[in-house]
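Chemist: Handing you a structure now.
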Amino acid sequence: MAKIDFEVPVIGEYLETPALQPAAMAKSAPFKASPQHQQALGFPSELLENWEEVAIAKLGELLNKYESLRVYLDACVKCGSCSDKCHYFLGTGDPKNMPVARQDLLRSVYRRHFTLGGKLFPKLVGARDLDKSVLDEWYSYFHQCSQCRRCSVFCPYGIDTAEISMAAREIMDEIGVGQKYCNEIIGKVHTIGNNLGLNAAALANTLEGLEEDVKDDTGFDIRFPLDVEGADVLLITPSADFFAEPHIDGLIGYGKVFHQAGVSWTMSTYASEAANFAMFIGNYEQMRKVALRIRKAAIDLKVKRIVVGECGHAWRVAYSFWNTLAGPFDFLDPNYPVPQHIVEFTYDLIQRNAIKLDKEANDHMRLTFHDSCNVARATRMGDRPGGQLALPRAVIKASCNHYFDMPADTIGEKTFCCGGGGGLLTDDLMELRVKGALPRMQALRQVQKEHGVTHMAAICAICKSQFSKVLPYYDFPMDTIVSVHQLVSNAIQLGAKT
Amino acid sequence: MSIMTVSYALLLYAATVIFALGLCYRVFTYARTPAPLKIPTMPAPVTRAGVVFRMVREVGLFESLFKSSKWTWIFAVMFHLGLLLEVLRHLRYFIQPLWFWVVLVQPFGVYGGMAMVAGLAGLFARRLLVARVRYVSQPSDYLMLILLLGIGGSGLAVKFLDHTDIVSFKAFVLGLLYFDWQPLPANPLLLTHLALVSLLLIVFPFSKLLHAPAVFFSPTRNQVDDARERRHLAPWAARLERAGGEV
Ligand code: SF4
Ligand code: SF4
């Protein structure tokens, strides 16, 4: 663990709503994007001279392009119902991390420039001019929102602070103030094809090594094919699956499932990334450009289906946005959903008894499941609403004997973010990430005490990386976090006839 | 015709026009602005009918608010339900002859008025006492509650303290409707009540009261979860696509 220069929150008996600690996180801000990172995405390389003007103009443009933004900036009644729902507020006590207060950072400027009340009586309605201090506040607090949408569940008008954060980040990019972590990564996807900047040769190498390892481990020839033209399935998975722990155990699981199902599949070097960080910066064009790589790979490789690996925001972009951004996918087999989640794929095999799972293989673990915010609140699996919550649990329960849910108000649609989503999974935001994880750590502690839970499964690359990093701060072992398909991988009976 | 009658008549006309035009304009801009992406808060209905049902629960029962804060929910329901009953009760001033259900609703209307004031008082106390809510409150948020309390309070006062001549008041209202002005009873409480209602109508399209129409245009609540089945494309996104060319 790196050196800590902040206080790690103490897990209490219950999750308490903290007292307000104004400006507790005012200094938190991620590194800014360098001029090269900005230029690579077509953004100004540094703060424009007339940035105020440009920012207001951009806000005006977005108001006409996004119904969400327009409606949400007007609709809030300051009822405060969302005020104790954000994990970053619960973990830091900083009042500007209350969703409504976060929205107000942008709303105050909106009111000043776009509403009669704010033009005539700014003090009365909390309207303010956009100046450098406001911009600094935007940069700090709009990078303390993981766009997890928990607040939108509880707001009587469905106000989604993620939409506001995305708009604010888009405005900031437009005036030359980008975030390094996101913008650098998006640039890498445009040029190399994945977040990590892993080139084709390195990727092929990694997968070859993986095949050998799995062969040594199991005695079976499990293939991890790359760029195979004419395969049935194109697997699009987060690049973290290629090497990070526990992600890679999930990838091994996908490989075993495809192997047992007898389905020919492939990955693509051109589209070797499921993540789409352009969503985090709210930029439609960038998001589309990243999504189009997947369309192109599917066409070039002449596949019939697309399956997406374990990643939360990637599944949101895939499930909710791909059809819009890169559709129509009428060149794929219409008998399968486009795209299909790997959990849907495995669940279907389990339903049909097409794979055999030995639950005892996971008897050394007592498990719980962390619903990733994007999967739970922004997507679906299967035919019925709520399938995104039921299917992963069904797959886990089919793979193990000991499963326990965390408290009801911390899972499902009310799930807490891991603390690292929304483009915040960077070391320059470590304090925020540790503190934002508090509500989840609290819930985990509870099932640890009550049911002896030892491991927590997740279906998101960001969640997995984030937990690997923050679990030790709360005295949990790092490997408490496991992939869902890692459990499948342990349990699946290779070579078994069904 | 007294100056007072004329000025109130003009005020009420002006307030109504500002309210109606302002609201239409806002609703028009909401309706005109596209939602380029599918963003329903999941789990969401997979059919249109399901979305209508979700919206009915949201608007009729304040479903999401119930999930988040029971006290706010109770006060909000008291206020809104009370207001609804009062509005229905007040129809008696606009209709001649009375519809039978407007007659039926009369006795409940009074309880509505009380519930409304009690609910508002609860919301006011919450705004003042809960530090989180106080932090996000602007002067306008308090003033709005005070305005509504004033309307409720003056209304109840007219009813209980100083019985107005409602027959001539009704003649005044009908006179406004048919452009055949009749004198307005000079009752200070009634005049206050009317002035405050006018003020409410005027600020409505410029304030957070827009939450009432806005909820229907909230994409997280009004979208169907069918992104995989149906391609959703906003006009500006379609233009972008044409300009960008195909893959
Ligand atoms: S979207 Fe999530 S992180 Fe952002 S304000 Fe809402 S609850 Fe907090
Ligand atoms: S719950 Fe919605 S309306 Fe209430 S304060 Fe939060 S954002 Fe505003």
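Chemist: Might you report the magnitude of the Cβ-based charge dipole of the protein assembly as shown about its Cα centre, with Lys and Arg at +1 and Asp and Glu at -1, to the nearest 20 debye?
Modeler: Details: 75 positive and 71 negative charges, 442 e Å.
Roughly 2120 debye for the protein assembly as shown.
Chemist: While we're here: I'm checking a number: the convex hull volume of the Cα atoms of segment A:187-491, normalised per residue, in Å³. What is it?
Modeler: Values: hull volume 37.4 nm³, N = 305.
Measuring per residue, one finds 123 Å³ for the Cα hull of segment A:187-491.
Chemist: Quick one: check the C-alpha center-to-center distance for segment B:1-59 versus segment A:332-349, whole angstrom.
Modeler: Measuring centre to centre over Cα atoms gives 41 Å.
Chemist: Would you mind checking the radius of gyration and Dmax of segment A:318-463 based on alpha-carbon positions, in Å?
Modeler: Gyration radius and largest Cα-Cα distance of segment A:318-463: 16.9, 51 Å.
Chemist: What angle, in degrees between 0 and 90 and rounded to the nearest 10, separates the Cα long axis of helix B:188-203 from the longest principal axis of the Cα atoms of chain B?
Modeler: Compared with the principal axis, the helix lies near 20 degrees.
Chemist: Moving to a separate point now. Quick check: pseudo-label points 7 Å beyond the Cα along Cα→Cβ at B:Ser7 and B:Ala125, how many nm apart are they?
Modeler: 3.8
Chemist: For the protein assembly as shown, with every protein chain kept in place, what is the accessible area per residue (1.4 Å probe, Å²)?
Modeler: Per-residue value: 39 Å².
Chemist: Which value, in Å² rounded to 10, gives the accessible area of B:Leu209 with a 1.4 Å probe and all protein chains present?
Modeler: Its heavy atoms expose roughly 20 Å² to the probe.
Chemist: I'd like the antiparallel share, as a percent to the nearest 5, of DSSP beta bridges with both residues in the protein assembly as shown.
Modeler: Counting only bridges with both partners in the protein assembly as shown, antiparallel ones make up about 10 percent.
Chemist: Also, quick follow-up: Please report the accessible area of B:Arg239 (heavy atoms, 1.4 Å probe, ligands and nucleic acids excluded) in Å², nearest 10.
Modeler: About 140 Å², ignoring ligands and nucleic acids.
Chemist: Take the Cα gyration tensor of the protein assembly as shown, multiply each eigenvalue by 5, square-root it, and list the three semi-axes largest first, rounded to whole angstrom.
Modeler: 52, 27, 25
Chemist: What number results when the radius of gyration of segment B:115-247, computed over Cα atoms, is divided by 2.2 N^0.38 Å? Write down the numbers at each step before the final one.
Modeler: Values: Rg = 23.6 Å, N = 133, 2.2 N^0.38 = 14.1 Å.
Ratio of Rg to 2.2 N^0.38 Å for segment B:115-247: 1.67.
Chemist: Given N residues in segment A:219-339, what is Rg(Cα) / (2.2 N^0.38 Å)?
Modeler: Scaled against compact globular proteins, the figure is 1.02.
Chemist: If you roll a 1.4 angstrom probe over the protein chains with everything in place, what fraction of the accessible area of chain A belongs to carbon and sulfur, to the nearest %?
Modeler: The nonpolar share, carbon plus sulfur, comes to 50 percent.
Chemist: Which one, B:Leu145, B:Leu201, A:Tyr473, is farthest towards the positive end of the dipole of the protein assembly as shown when Lys and Arg carry +1 and Asp and Glu -1 on their Cβ?
Modeler: After comparing all options, I get B:Leu201.
Chemist: Find the sum over both chains of the accessible area lost when B and A are paired, probe 1.4 Å, and report it in Å² to the nearest 100.
Modeler: So the total buried area for this chain pair works out to about 5800 Å².
Chemist: Using only Cα atoms, find the angle between the long axis of helix B:235-244 and the longest principal axis of chain B, and express it within 0 to 90 degrees, rounded to the nearest 10.
Modeler: Taking Cα atoms only, the helix is inclined about 30 degrees.
Chemist: Grab every C-alpha pair in chain B, bin the distances at 5 angstrom width from 0 up to the longest one, and report whole percents.
Modeler: 1, 5, 9, 13, 15, 15, 13, 9, 7, 5, 3, 2, 1, 0, 0, 0
Chemist: What fraction of the Cα pairs in segment A:1-60, stated in percent, has a spacing above 18 angstrom?
Modeler: Counting pairs separated by more than 18 Å, the tail of P(r) holds 66 percent.
Chemist: Where in segment B:127-168 does the amide nitrogen come within less than 20 Å of the point 7 Å from the Cα of B:Val110, taken along Cα to Cβ?
Modeler: B:151-168
Chemist: What is the helix-to-structure angle for A:161-174, meaning the angle in degrees between its Cα long axis and the longest Cα principal axis of chain A, kept from 0 to 90 and rounded to the nearest 10?
Modeler: Helix A:161-174 sits roughly 70 degrees off the main axis of chain A.
Chemist: Specify whether the C-alpha gyration tensor of segment A:426-489 places it in the rounded, prolate or oblate class, a ≥ b ≥ c being the square roots of the eigenvalues: rounded for a/c under 1.5, otherwise prolate if a/b is larger than b/c and oblate if not.
Modeler: On the way: a/c = 2.23, a/b = 1.20, b/c = 1.86.
Verdict is oblate for segment A:426-489.
Chemist: Going by Cα centres, segment A:21-98 and segment B:137-180 are how many Å apart?
Modeler: 41
Chemist: Just to confirm my numbers, what's the Cα centroid distance between segment A:296-314 and segment A:239-271 in Å?
Modeler: The two parts, judged by their Cα centres, are 12 Å apart.
Chemist: Right, another one. With the cut-off at 1.5 for a/c, could you classify segment A:373-415 from its C-alpha gyration tensor as rounded, prolate or oblate?
Modeler: Oblate.
The values are calculated or read from the model by the stated rules, or taken from the named source; none is laboratory data. In this text the structure is predicted, and so the values were computed from the model without any measurement. Positions of Cβ are backbone-derived with ideal geometry, glycine not excepted, and every protein chain shown enters the neighbour counts. These area figures cover heavy atoms from the full protein model, side chains too; ligands, DNA and RNA do not enter into them. Shrake-Rupley method; radii C 1.70, N 1.55, O 1.52, S 1.80 Å.
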